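The values are calculated or read from the model by the stated rules, or taken from the named source; none is laboratory data. Computed from a predicted model, the values in this text were never measured in an experiment. For neighbour counting, all protein chains shown are included, and Cβ atoms are generated from backbone atoms with ideal geometry for every residue, glycine included.
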Amino acid sequence: MMRIIILICLLATAPVYAAAPAPSMFADRVARHVGDVLTIQIVENTTATAIAGTNTKEEYDASLDGSGSGGLNFIPLLSGKGSTKSEHKGNGTTSRQGRLTGVVTAKIVEVFPNGNLRIEAQKSVIINGERQLTVLTGVVRPEDISTQNQITSDLIADAQITFRGKGVLANAERPGIFARIFDWLF
């Protein structure tokens with residue numbers, strides 16, 4: 001009898017925990033639900049080159065020849081010639097390269113009806129007083145997630161990856177107020 005009372009007291013005062021589903025022996029543990037996390041390998045290489053060339057040429061000739069006839073013979077001969085030429089040649093080239101690599105862990109914030117996952121990640125690192133912030137958002141297909149619970153950034157749809165720095169170096173790289181006003185005006 002005493003054992004039953006002790007057992008009832010222990011059960012009454014024991015905290016209640018929600019039992020997590022047992023992991024399956026046949027399935028990999030990869031992110032699939034809101035709140036799950038997955039590792040993103042950011043590997044972005046961009047190269048853009050634009051070349052433009054313009055070559056135009058336009059010519060126009062006109063002439064006027066006339067004289068009075070009959071009773072208007074007293075009008076002197078009227079004649080004239082004119083021509084115009086216009087030519088323009090222009091060339092331009094621009095190129096830009098960018099590279100961003102890193103690793104960030106993202107959280108699933110929404111599961112769409114088709115099974116795709118909306119993810120968001122934010123990582124802040126401070127090095128020598130410089131704060132570097134990486135922000136990533138996008139949509140992932142569950143089948144693109146590896147068995148190691150990782151995905152590369154090139155497989156993220158609607159990916160928005162932002163990398164910013166704040167601190168002494170970032171401020172030194174920013175143009176001064178007069179340079180920005182001059183750029184804005186011209």
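Couple of notes before you dig in:
- Out of Ile108, Ile127, one residue alone is without any contact (Cβ under 8 Å) to a residue 60 or more places away in the chain and among the β-branched types (Val, Ile, Thr). It is Ile127.
- Whichever residue in the stretch 143-186 is in a loop (DSSP other than H, G, I, E, B) and at pLDDT 85 or above and, among such residues, is nearest to Arg99 (Cα to Cα): Ile156
- Within the set Gly98, Gly53, Gly102, Gly80, the sole residue that is among the small types (Gly, Ala, Ser), at pLDDT 70 or above, part of a strand (DSSP E or B) and farther than 29 Å from Val140 by Cα turns out to be Gly53.
- Candidate set from the stretch 99-149 (those that are surrounded by 10 or more Cβ atoms within 10 Å (Cβ to Cβ) and among the small types (Gly, Ala, Ser)); member that is farthest from Lys166 (Cα to Cα): Gly115
- Contact map, the stretch 83-104: first residue over 12 Å from Ala50 (Cα atoms), second residue among the basic types (Lys, Arg) and at pLDDT 80 or above, Cβ cut-off under 9 Å, separation 6 or more or different chains; pairs are Gly102/Lys123; Val103/Lys123; Val104/Lys123.
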